[in-house]
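Please treat every number below as a calculation from the coordinates, not as lab data. This is a predicted model, so every value here is computed, not measured. Every residue, glycine among them, receives a Cβ derived from its backbone with ideal geometry; neighbour counts consider all protein chains shown.
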Amino acid sequence: MAFPKGFLWGGATAANQMEGAYDEDGKGLSVEDVTPRGVKGVRTETPTKDNLKLIGIDFYHRYKEDLKLLAGMGFTVFRLSIAWSRIFPNGDDETPNEKGLEFYDKVFDICHELGMEPLVTLSHYEIPLNLAKKYNGWTDRRLVGFFERYVRTVFERYKGKVHFFLTFNEVNSILETPFTSGGISTPKDQLSLSDLYQAIHNEMAASALATKIAHEIDPEIKVGCMVLSMPVYPLTCSPDDVIAAMKENHKNEMFLEIHARGRYPGYMKRYMREHQIQITPEPGDEKLLQENTVDFISFSYYVSVCATADPAKNTRGEGNLLGGVPNPYLKSSEWGWQIDPQGLRYTLNDFWDRYQKPLFIVENGLGAKDTLIPGGPDGMTVEDDYRISYMKEHLLQVEEAIEDGVPVMGYTSWAPIDLVSASTAQMSKRYGFIYVDRNDDGSGSLARYRKKSCAWYKRVIETNGRSLHDK
Ligand code: BGP
């Protein structure tokens, strides 16, 4: 029996992809409200009707029913994010928006009534738009102060209600999507490496500061970093490819080194030197990072990729924001993301070997097209055996890692209920155990229907993973 007692089972979501109500009760605009085509798409000046996130799946008004459906699967944890712009509409406001705070009070209270521990991301691709426009996002050190005010408000307000916080969602994705991840308005092709790494440094300082403040306000709080994990394998066993893969991995591992060990790794100093990257840390930053490492490491896991030193083979496939050379041994999802369950076992072992911090898988799942048919407990359903088999394969690898001796705190699948995709802003890229009747053109009743995977996951949770071995 591999999954330990108390293993946290649940699902993961983000405010901007689910809540809707983008301008209700004093909420300000976030960067997501002006990116109707997803992270790599165009930006608009003001929100446009074709942006599905403005309504999302209307969680803001349906949270009670939705939380009940999730708890119905036996969830013991529910990952969600707080929309920063609901609490500080412009990001740089002096005082918080009470209505925004009240909303999350209600959500957290219901989570507890239903037996689910909230796992809260403080910043999940939804930086207040004003901070992007006025300060160029995290390139400006003043954001550390604004973030400090926001997190202090949140930690104080929800003291006793939230015990697990994550600072920045997929913090390393800023390398690829600086606007979505870092509120950086400068187009990526014009952004200097110095500005990019200054923004990263500012986020690292803000993350350490948040960890410090959380522990001061409530020593019971556990703070984790959240990285986009994506093992990079050498395309061949040529030593050149091995080094190419090592260098690609370093770009992402740097974020873990800083969060878990509190210092910039040597290879990063070299990279900065060789690329003439100039950043200006504040006095005291070194100590701040050193003294406030995270309590645990959380990560998303969807894909692995390859790297090669051979320019002729250096193509780029699709994959969760950060991509790489496709692996000839793996199959892909309908969106071209390569599926590699063993990569999850590998990642868990790798992170544990290096950092010796408890690990939490806070995103993993299959984005697929679903067909609604009559049946199921709600009159309509989806026979999503492909999703069940994806999750089963991955969870069996989590079990292997636990057998390997890796301490895994929990698993929250992305996303337990269909919501708007981050990369493509589609509804049709569905991840849920619960179907939401909304289409890419915005039509649909928003009704919820439990899919076949819903009963399957319920049983996995109820048996603490033992049913994964059912014939
Ligand atoms: C991660 C994000 C999520 C989520 C997920 C699935 O990158 O943290 O917000 O959306 O991937 O990606 P997508 O929605 O693009 O399919």
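Summary table
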quantity	calculated
10 Å beta-carbon shell around TYR271, net charge (K/R +1, D/E -1)	+4
Over 22 Å (Cα to Cα) - which of LYS99/LYS212; LYS68/LYS161; LYS99/LYS159 fall in this group	LYS99/LYS212
Burial order of peptide ranges 4-13, 437-446, 259-268 (average beta-carbon count within 10 Å, highest first)	4-13, 259-268, 437-446
Calculated over the chain: convex hull of Cα atoms, volume per residue (Å³)	141
Protection proxy ranking of 160-173, 402-415 - average other beta-carbon atoms within 10 Å, highest first	160-173, 402-415
Percent RCO, i.e. relative contact order, over the chain, from Cα pairs under 8 Å lying at least 6 residues apart	17
Within straight-line cross-link reach of LYS188, aspartates and glutamates at Cα separation under 15 Å, skipping those fewer than 8 residues along the same chain	GLU176
Highest to lowest packing among 28-41, 95-108, 70-83, scored as the average C-beta count within 10 Å	70-83, 28-41, 95-108
Cα principal axis extents for segment 406-471, largest first, Å	41, 25, 18
Sum of side-chain charges, ALA199 neighbourhood, beta-carbon under 11 Å (Lys, Arg +1; Asp, Glu -1)	-2
Sum of -39500 (n - 2.57) over DSSP H runs of 4+, divided by residues of the chain (222 nm, nearest 500)	-11000 deg cm²/dmol
Exposure proxy order (Cβ contacts within 10 Å, fewest to most) of ILE200, ILE221, ILE243, ILE57	ILE243, ILE221, ILE200, ILE57
Value of Rg to Rh for segment 186-298 (Rh from inverse mean 1/r over Cα pairs, i.e. Kirkwood)	1.02
Euclidean distance between Cα centres, segment 193-212 to segment 225-239, Å	24
Near-label residues of segment 199-213 by backbone N, under 11 Å of a point 7 Å along Cα→Cβ of ASP92	none
Within-10-Å neighbourhood charge of PHE255 [Cβ basis; K, R +1; D, E -1]	-3
Residue pairs, from the table LYS53/LYS369; LYS106/LYS451; LYS64/LYS106; LYS27/LYS133, whose Cα atoms sit over 21 Å apart	LYS106/LYS451
